[in-house]
Amino acid sequence: DAMVIQNPRYQVTQFGKPVTLSCSQTLNHNVMYWYQQKSSQAPKLLFHYYDKDFNNEADTPDNFQSRRPNTSFCFLDIRSPGLGDAAMYLCATSRVTTSVDEQFFGPGTRLTVL
Amino acid sequence: DQQVKQNSPSLSVQEGRISILNCDYTNSMFDYFLWYKKYPAEGPTFLISISSIKDKNEDGRFTVFLNKSAKHLSLHIVPSQPGDSAVYFCAASLSNFGNEKLTFGTGTRLTIIP
């Protein structure tokens with residue numbers, strides 16, 4: 001089945017220790033998104049890639065970076081995690097961004113910062 | 001500033017009855033609305049959508065109603081089934097910007113009581 005896969009499902013890191021979350025997709029979609037969802041809050045878009053074009057949300061902290069080496073994979077790098085970065089990180093894909101198109105979400109990676 | 005609000009964090013409904021989930025928005029420019037459903041340990045999945053040119057969209061047991069003057073939409077599930085127990089997210093967008101400006105609500109946890 002075509003799907004969006006996120007690894008790991010649970011990640012524990014220490015305060016200030018860099019961490020990378022990964023997302024892969026078999027849908028061959030052009031667009032990949034990273035969302036941050038804190039407890040009892042709405043998912044918040046951090047950035048997205050349209051093919052290799054990177055689009056950062058204005059209020060996404062510089063601490064968060066992303067890489068998309070090819071169509072199938074996208075990585076979220078948190079350079080110096082703080083306690084406030086503990087959250088669920090959701091990866092999603094869609095065919096386009098220029099119209100409202102269904103997004104396909106992965107199961108998420110829950111990040112704990114000690 | 002939460003532009004999409006789901007004021008009921010949780011809702012319990014008897015199996016077979018109607019479930020009504022509500023969503024309010026503040027940005028009158030939003031012109032496309034979606035509902036996503038999320039089971040534990042899974043990513044959100046698309047359920048149903050509606051454009052602002054309509055006031056109702058129906059898909060099987062699911063109907064979304066849009067009241068533009070009140071900036072309010074609702075999702076009706078009838079009859080409710082145990083498998084409908086999940087968290088439901090309302091999302092809104094500006095169709096010209098598509099998925100780039102998709103704004104989610106905080107979600108409502110629906111529990112169907114057998």
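Counting just the residues of the range B:96-110 that are closer than 21 Å to B:F65 by Cα and open to solvent by 40 Å² or more (accessible area, probe 1.4 Å), which one comes out farthest from the other protein chains (Cβ to nearest Cβ)?
B:R109
Pick out, from the range B:1-110, the strands (runs of 3 or more DSSP E) lying fully within it that include 2 or more residues that are free of Cβ contacts under 8 Å to residues at least 24 places away in the same chain and either under 16 Å from the mean Cα position of the chain (by Cα) or under 26 Å from A:Q6 (Cα atoms) (or both). So that I can check it myself, show each step before the final result.
Working: elements: B:10-14, B:19-25, B:32-38, B:45-51, B:56-59, B:62-67, B:72-77, B:86-93.
Fully inside the range B:1-110 and qualifying: B:45-51, B:56-59, B:62-67.
Listed residues B:S80, B:S85, B:S49; which is surrounded by 14 or more Cβ atoms within 10 Å (Cβ to Cβ) and closer than 18 Å to B:F30 by Cβ?
Numbers: B:S80 fails: closer than 18 Å to B:F30 by Cβ; B:S85 fails: closer than 18 Å to B:F30 by Cβ.
Every option except B:S49 fails the conditions.
I'm trying to understand the selection: among the residues of the range A:50-64, which are open to solvent by less than 70 Å² (accessible area, probe 1.4 Å) and farther than 19 Å from B:F97 by Cα?
Listed by number, the residues that qualify are A:P61, A:N63, A:F64.
Hey, could you check the range A:14-45 for residues that are closer than 16 Å to A:V4 by Cβ and in contact with an Asp or Glu (Cβ under 6 Å, 6 or more places away or on another chain) and say which is surrounded by the most Cβ atoms within 10 Å (Cβ to Cβ)?
In the first step, residues of the range A:14-45 are kept if they are closer than 16 Å to A:V4 by Cβ; the result is A:21-35, A:37, A:43, A:45.
Retained after the next criterion (residues that are in contact with an Asp or Glu (Cβ under 6 Å, 6 or more places away or on another chain)): A:30, A:45.
Numbers: A:N30: 15, A:L45: 22.
Only one residue tops the list, namely A:L45.
Across the range B:8-24, which residue is least open to solvent (accessible area, probe 1.4 Å) among those that are polar (S, T, N, Q) and away from chain A (no Cβ under 13 Å)? Spell out how you get there, then give the answer.
Of the residues in the range B:8-24, the ones polar (S, T, N, Q) are B:8, B:10, B:12, B:14, B:19, B:22.
Right, trim to away from chain A (no Cβ under 13 Å) and you get B:12, B:14, B:19, B:22.
Working: B:S12: 80, B:Q14: 91, B:S19: 0, B:N22: 70 Å².
Per the criteria, the residue is B:S19.
The values are calculated or read from the model by the stated rules, or taken from the named source; none is laboratory data. Quick caveat, the model's predicted, so the values are computed rather than measured. With ideal geometry, Cβ positions are generated from the backbone for all residues, glycine too; neighbour counts draw on all protein chains shown. What goes into the accessible areas is simple: the full protein's heavy atoms, side chains included, and nothing from ligands, DNA or RNA. Shrake-Rupley method; radii C 1.70, N 1.55, O 1.52, S 1.80 Å.
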